[in-house]
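Student: Take this structure first; my questions come after.
The values are calculated or read from the model by the stated rules, or taken from the named source; none is laboratory data. A quick note: this is a predicted structure, and the numbers were derived from the prediction, not measured. Backbone-built Cβ (ideal geometry, glycine too); neighbour counts: all protein chains shown.
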Amino acid sequence: METISLKDDQKEFSLPVVTGTENEKGIDISTLRSETGYITLDPGYGNTGSCQSSITYIDGEKGILRYRGIPIEELALNSNFIEVADLLIWGSLATREMGERFTNMLTDNALLHESLKHHFEGFPFDAHPMAMLSAMVNALSCYHPVLTKPHNPKEIEKAAAILISKIRTIAAFSYKMSRGEPFIYPKARYSYAENLLHMMFSLPHEHYEVHPEIKRAIDIILILHADHEQNCSTSTVRMVASSGANLFASISAGIAALWGPLHGGANQAVIEMLEKIHSGNLGVKKCIEMAKDKESGFRLMGFGHRVYKNFDPRAQILKELSAKVFDVLKHKDPLLDIARELEDVALRDPYFVERKLYPNIDFYSGIIFRAVGVPTNMYPVFFAIGRLPGWIAHWREATATNRLQIARPRQIYTGPAKQSYIPVDQRSHT
Ligand code: CMC
């Protein structure tokens, strides 16, 4: 067995090395503290593997992303979101019969319980749809108590169908709430993406016709978002699951984590940044200068990634897809030109080149959503719908053991040393 040795003044310790399928190496430090008294310190967990996982492989240096071994480019070209969800959750591509069965289960579970629908009325009209989504997914657990901790395959399949189908209905209903429009129910014969757009954009008196290419584009976007190994929201799902919390609660926490602008909220932040440039409140040059200035607190949104130190393969696919969508819709958007200009300038700027900062998935997804008419605050919701199969797959992987181990990092304490309590009348603050 390969080992790594660690030495302090007194002793040498040997730590085992774990090797992954693609020869990734990790030092197993699970006995480090008990044997040496030391812990490791890694804020942001950039060098910490929290688990072994067989779901998704990323090589950030080479720009590779594979779900269950299959390259993302092949899935985007040949597969569909539901098949990808199946693949992520169960580990292999479904047969035709299995695929049809799961699709039928999604159709059967597309409606929300009538009393769950009333929860929407408790939100103000301008509530952010991510807040509603997180709350409603958690509330969904109350309607399916038997499935909150699904463990056998039948229960997992049912819980996955409920979540994947109903998250789309919840998302569309949140949008309808924000517009003050009546809810539109799903149609059984529609595909997944088509139903989402139908429930969002159809009106009782006016049917929204979805162009086949747009349906396909949204499906591809969902595929590209479906998993990304131990990102912030997925790690959150796994961490919450590690306490024994139920599937719905764990996913709800994942949605909350995804909402942040450094994660799934970045697609919304990118468009807001491009709109600022377009309105003349921020020039491209100024934007790049601000991103380089650490004091500004500003980052070039949609750029950089913890893992990719090369092109994000998802961004490459989306860049091409955006051109196709614009073509189909005969759409023109000055924000697309601004995005291309920003990308061009950034990719030639030594600051971005030296730090290996490239456009990520969020750089072009918003441009496509915008062309389709999706409002900005719904972009992270689409991200969440896409990421859901990955969260379910990780919840399943993390809980598929009889010995659940709670995730509980340690810390290096830097506060005051021991001191005595001072009664209030003896305190003075100088
Ligand atoms: N603009 C300007 N500088 C940046 C950016 C950026 N977008 N991203 C990273 N840097 C700098 C950073 O300041 C640091 O500089 P220095 O070495 O001088 O201190 C260096 O590049 C390394 O960055 P980092 O902060 O160590 O990178 P990280 O792995 O901690 O953060 C990130 C990754 C995605 C949070 C970050 O790149 C970022 O904030 N990007 C903008 C937000 C964004 O687009 N998020 C979506 C991520 S992809 C989809 C998803 O996973 O949700």
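Student: From Glu74, Glu22, grab the single residue that is modelled with pLDDT of 95 or more and touching a Phe, Trp or Tyr at 6+ places or on another chain (Cβ under 7 Å).
Tutor: Answer to the selection: Glu22.
Student: I would also like to ask the following. Taking only the stretch 148-172 into account, find how many residues are of a type in the set (D, E, K, R), assigned to a helix (DSSP H, G or I) and within 19 Å of Ser243 (Cβ to Cβ).
Tutor: Result for the stretch 148-172: 0.
Student: Something else about it: Determine which member of the set Ala193, Ala217 is among the small types (Gly, Ala, Ser), surrounded by fewer than 24 Cβ atoms within 10 Å (Cβ to Cβ) and over 30 Å from Arg408 (Cα atoms).
Tutor: Exactly one of Ala193, Ala217 is among the small types (Gly, Ala, Ser), surrounded by fewer than 24 Cβ atoms within 10 Å (Cβ to Cβ) and over 30 Å from Arg408 (Cα atoms), namely Ala217.
Student: Name the pairs whose Cβ atoms lie under 6 Å apart, with the first residue in the stretch 175-199 and farther than 20 Å from Ala217 by Cα, the second among the hydroxyl-bearing types (Ser, Thr, Tyr) and in a loop (DSSP other than H, G, I, E, B), and 6 or more positions between them or separate chains?
Tutor: Listed by first residue and then by second, the contacts come to Ile184/Ser202.
Residues checked against (1) touching a residue at least 12 places away in the same chain (Cβ under 8 Å); (2) surrounded by fewer than 17 Cβ atoms within 10 Å (Cβ to Cβ):
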| position | (1), (2) |
| --- | --- |
| His228 | yes, no |
| Phe248 | yes, no |
| Ile255 | yes, no |
| Leu258 | yes, no |
| Leu274 | yes, no |
| Lys285 | yes, yes |
| Glu289 | no, yes |
| Glu295 | no, yes |
| Lys319 | yes, no |
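Student: Please enumerate the residues belonging to the stretch 281-318 that are assigned to a loop (DSSP other than H, G, I, E, B) and more than 10 Å from the ligand (Cβ to nearest atom).
Tutor: Asn281, Leu282, Gly283, Gly297, Asn310, Phe311
Student: Where in the stretch 337-417 are there helices (runs of 4 or more DSSP H), lying fully within it, with 3 or more residues that are surrounded by fewer than 17 Cβ atoms within 10 Å (Cβ to Cβ) and free of Cβ contacts under 8 Å to residues at least 24 places away in the same chain?
Tutor: Helices (runs of 4 or more DSSP H) meeting the threshold: 350-354.
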